[in-house]
Amino acid sequence: MTAMNMIQALNSALDVMLAKDPNVLVFGQDVGYFGGVFRATEGLQKKHGMTRCFDAPIAESGLVAVGIGMSVYGLRPVVEIQFADYIYPAYDQIVSEAARIRYRSGGDFHVPLTIRTPYGGGIYGGQTHSQSPEALFTHVTGLKTVVPSNPRDAKGLLISAIEDNDPVIFLEPKRLYSGPFDGYHDRPVQPWSKHGLSEVPDGYYSVPLGEAAVVREGSAVTVLCYGTMVHVALAAAEATGIDAEIIDLRTLIPLDIKAIVRSVQKTGRCVVAHEATQTSGYGAELSALVQEHCFYHLEAPVQRVTGWDTPYPHAFEWDYFPGPDRVAEGMRRALAS
Amino acid sequence: MRNRGTLSLHIPEPHNRPGDAPDFSNILIPPAGALERPPIDANARALSPYAYTLIRVLDAEGRAVGAWNPHLEPQALIKGLHDMMLTRAFDERMYRVQRQGKISFYVKSTGEEAVSVAAAHAVEASDMCFPAYRQQGFLIARGYPLIDMMCQCFSNVRDPIKGRQLPVMYSASSHNFFTVSGNLGTQFPQAVGWAMASAYKNDDRIAVSFIGDGTTAEGDFHHALNFAAVYRAPVVLNVVNNQWAISSFNGIACGEEATFAARAIGYGLPGLRVDGNDFLAVYAAEQWAAERARANLGATLIEHYTYRAEAHSTSDDPSRYRPTDEWQAWPLGDPVARLKQHLIHIGAWSEAEHQALSDEIATLTRETQREAETIGTLATGSRPAKATMFEDVYEEIPWHLQAQMKEAGV
Ligand SMILES: Cc1ncc(C[n+]2csc(CCOP(=O)(O)OP(=O)(O)O)c2C)c(N)n1
Ligand SMILES: [Mg+2]
């Protein structure tokens with residue numbers, strides 16, 4: 001075990017997989033010699049060689065397409081898109097190709113590609129360094145979508161993603177890279193080293209895709225969340241004293257519906273929280289599923305706490321970010337009726 | 001016989017990394033004034049050699065030589081020097097302001113000021129510019145108020161774009177300067193579309209756009225060239241080859257065999273390669289391309305060969321990936337120093353006048369900063385009203401956003 005922040009844990013996952021499997025390649029903009037703008041690939045080129053971890057042209061569509069071609073050959077490429085906000089040029093390759101190749105070829109070909117990308121706000125990055133586009137991927141059948149919330153999960157989930165035989169969108173909450181940010185932007189953020197889940201096994205291990213984690217047990221209300229919002233929800237429960245059960249979904253597709261149903265049947269109340277915009281967001285899917293599976297257990301309408309339906313405005317970082325106060329307000333609404 | 005040897009994957013690497021001595025001996029630099037200036041209606045195919053050389057006007061002694069000399073009046077040259085110096089001073093000041101925590105981010109254009117400034121001088125004020133994020137010099141050369149640029153960086157109540165974007169993402173329709181996008185390359189084909197519209201309307205205005213060397217790898221770059229060629233769009237397409245795209249040298253963007261200007265050849269467009277630190281050469285190439293576009297002869301791709309003297313942005317540390325003193329060794333020098341030398345050479349400028357201008361600019365930027373900070377900075381929290389964050393998503397605010405405004409308490 002070593003105490004790692006999230007970047008170090010991701011780096012360790014890539015390191016382990018590069019060593020374990022010669023078919024794993026890591027590439028993307030600035031990931032080679034430099035080690036990535038967030039340092040996730042630092043030292044990997046030097047350790048594993050030029051052809052295992054290298055720089056790529058600024059062409060997201062090309063990056064993903066080349067990754068697909070390599071996958072078809074039999075490799076397990078891990079592509080980095082520098083910010084999720086820049087993934088859109090690759091959307092056609094992801095939606096029409098990576099996600100469908102298994103189906104359209106009748107299982108003849110498949111694409112074991114992992115696309116890593118930092119997402120989310122809280123860094124004063126303005127609208128092109130802050131977006132949360134997960135719903136654009138969860139809506140696409142054939143893709144898996146993963147969002148870790150701590151170093152230990154980050155490493156174990158990334159290893160599972162790389163070993164998975166289907167394309168995986170691996171969304172990294174960049175605000176959590178250095179510490180478990182809980183939305184209280186005016187307080188210092190603890191380093192990961194003070195957090196239990198920064199104890200990361202050094203070698204190979206995996207966290208299976210499709211399993212949620214109950215990060216706080218409670219009986220009053222269920223909060224469904226992922227990424228940065230896990231820590232925000234924990235802070236909201238702490239601040240209000242509301243006995244919330246907080247579920248870190250960890251994998252959006254495939255979703256751990258059993259964990260959700262078990263919890264909501266117990267609490268009878270549910271809040272869904274994400275940073276992404278509300279309309280047609282993943283929270284809408286969660287809300288619908290809870291309604292379908294738990295209707296007779298629900299005491300109140302499912303509440304959504306999300307980013308506003310605007311682009312992420314630079315000067316309004318903390319008015320936009322759905323912090324602990326807004327999650328608390330959502331919990332109160334769910335408890336009101 | 002078929003070659004059955006095993007294959008190996010090539011990964012390009014720059015010549016110099018941290019710890020190496022800067023070495024630009026591989027760069028071919030033809031003497032200034034060596035090239036003919038072809039007629040503006042020259043056949044694109046005949047122009048292909050211009051994609052592999054460098055159009056240069058200023059020689060080592062500061063003389064303007066050869067057929068590409070645009071023969072500008074001293075006053076125009078002094079204005080060019082002024083705008084480049086103002087751009088550099090503005091960049092310095094905003095960089096320091098970022099370091100003081102008053103703004104979130106900044107991008108300097110140090111060392112490549114001639115590209116934006118000379119291009120702005122060579123086209124008409126009514127021509128439409130579709131910039132990348134490093135064209136502050138273009139906006140400054142068009143006389144956009146410095147105070148508005150600073151207020152944009154401060155995201156304060158006077159920020160013309162209402163605090164919506166990171167610093168340097170200006171928008172100035174009043175100065176025919178399109179809103180800067182953080183998503184690389186998108187502006188290039190948009191400029192072509194604007195130019196097609198101008199042609200459709202039998203207008204006489206042209207479009208001018210800029211893109212970084214790294215960004216030419218995006219599909220949008222290629223869409224721009226293809227549409228421009230197909231419709232003979234009146235547009236000047238500029239690649240700012242400052243050698244680096246964050247930590248990636250330009251061989252990652254286009255391989256080590258071709259030039260960026262040569263990208264034009266396959267599309268049937270003229271591609272000119274220019275000494276980007278030579279104000280006169282940039283001006284001349286831009287003017288040639290603008291005249292050609294205005295004569296209904298279509299688009300030109302211009303590669304400006306320059307060097308990104310500073311970090312990519314305030315988030316970057318170039319000492320991690322390139323020799324720190326590379327810029328000092330850059331064989332094409334400093335655009336400000338070269339234009340100054342030329343002005344002194346022709347007797348239109350002196351060290352004393354240069355110092356006076358430098359002082360004047362320092363005072364102007366300092367006072368403008370003071371004025372902007374009085375209005376507010378990101379740190380002082382003087383922002384546009386919170387309700388404005390829900391405006392401009394649509395022309396009219398739909399019910400669901402109105403509901404969210406209420407929830408947000410505005
Ligand atoms: C579509 C997209 N991909 C990636 C990025 C991240 N990014 C911002 S600037 C940059 C490098 C651009 O280099 P270049 O085009 O050479 O322009 P320069 O910074 O040198 O002016 C990258 C990769 C982005 N902004 N947009
Ligand atoms: Mg560049």
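The values are calculated or read from the model by the stated rules, or taken from the named source; none is laboratory data. Remember, predicted model here, so these are calculated numbers, not experimental data. Every residue, glycine as well, gets a Cβ built from its backbone with ideal geometry; the counts of neighbours run over all protein chains shown. Side chains are part of the model used for accessible areas, which takes the heavy atoms of the whole protein and leaves out ligands, DNA and RNA. Shrake-Rupley method; radii C 1.70, N 1.55, O 1.52, S 1.80 Å.
Details
- Just the protein heavy atoms count here, and of the accessible area of region B:45-379 at 1.4 Å, carbon and sulfur take up 49 percent.
- Estimated FRET transfer efficiency when R0 is 45 angstrom, pair B:GLU367-B:PHE24 (beta carbons, to 0.05): 0.70
- Label-to-label distance for A:HIS139 and B:HIS223 is 1.9 nm, based on points extended 7 Å past Cα in the beta-carbon direction.
- Distance-filtered residues of region A:302-337 - backbone nitrogen under 20 Å, label point 7 angstrom along A:THR279 Cα→Cβ: A:303-314, A:320-322
- Simple spin-label estimate for B:ASN296 and A:TYR184 in nanometres, 7 Å along Cα-Cβ: 7.0
- Interface area, A with B, accessible, probe 1.4 Å, both sides summed, Å² nearest 100: 3500
- Linear extension gain, A:TYR204 paired with A:MET1, 0.36 nm per residue minus alpha-carbon span: 71.9 nm
- FRET E, pair A:MET50, B:VAL230, Förster distance 35 Å, beta-carbon r, rounded to 0.05: 0.35
- Gyration tensor (alpha-carbon) shape descriptor, region A:213-261, a/c threshold 1.5: oblate
- Peptide B:101-114 has a mean shielding of 1, counted as Cβ atoms of other protein chains within 10 Å of each residue's Cβ.
- Estimated FRET transfer efficiency when R0 is 56 angstrom, pair B:SER8-B:GLN328 (beta carbons, to 0.05): 0.95
- Chain A, relative contact order in percent, only Cα pairs under 8 angstrom and at least six apart counted: 16
- The residue list A:ALA65, A:GLY49, A:ALA84 was ranked by how far each Cα lies along the charge dipole of region A:1-96 toward its positive end, using unit charges on Cβ atoms, and A:GLY49 comes out on top.
- Cα-based equivalent ellipsoid, chain A: semi-axes from gyration tensor eigenvalues, Å: 32, 22, 19
- In region B:147-206, taking the dipole from charged Cβ atoms about the Cα centre, the farthest positive-side position among B:LEU166, B:THR179, B:SER198 is held by B:LEU166.
- For chain B: relative contact order, % (alpha-carbon pairs under 8 angstrom, 6 or more apart): 24
- Once the convex hull of all Cα atoms in region B:45-379 is built, its volume per residue stands at 127 Å³.
- Shape metrics for region A:2-176, restricted to C-alpha atoms - Rg then Dmax, Å: 14.8, 45
- Modelled this way, with points 7 Å down the Cα-to-C-beta line, the labels at B:ALA258 and B:GLU395 are 4.2 nm from one another.
- Relative contact order for region A:210-336, counting Cα pairs under 8 Å that sit 6 or more residues apart, in percent: 28
- Loop sites in region B:332-410: GluC sites (Glu not before Pro), DSSP, at most 12 other Cβ within 10 Å: B:GLU395, B:GLU396
- Across peptide B:209-220, the mean count of Cβ atoms from other chains lying within 10 Å of each residue's own Cβ comes to 3.
- Taking all protein chains together, B:LYS201, A:LYS20 sort by accessible area into B:LYS201, A:LYS20, largest first [probe 1.4 Å].
- Extension gain, B:ALA408 back to B:LYS79 (0.36 nm per residue minus Cα-Cα distance, nm): 113.6 nm
- Note on region A:210-336: along the principal axes its Cα atoms extend 42, 31, 23 Å, ordered by decreasing extent.
- B:VAL208 long-range amide H proximity, modeled H, under 5 Å: B:MET128, B:CYS129, B:PHE130, B:VAL236
- More than 39 angstrom apart: percent of Cα pairs within the protein assembly as shown: 40
- Between amide H atoms placed 1.01 Å from N, distances below 5 Å from A:ARG216 occur with A:ILE246, all of them 5 or more places distant or on a separate chain.
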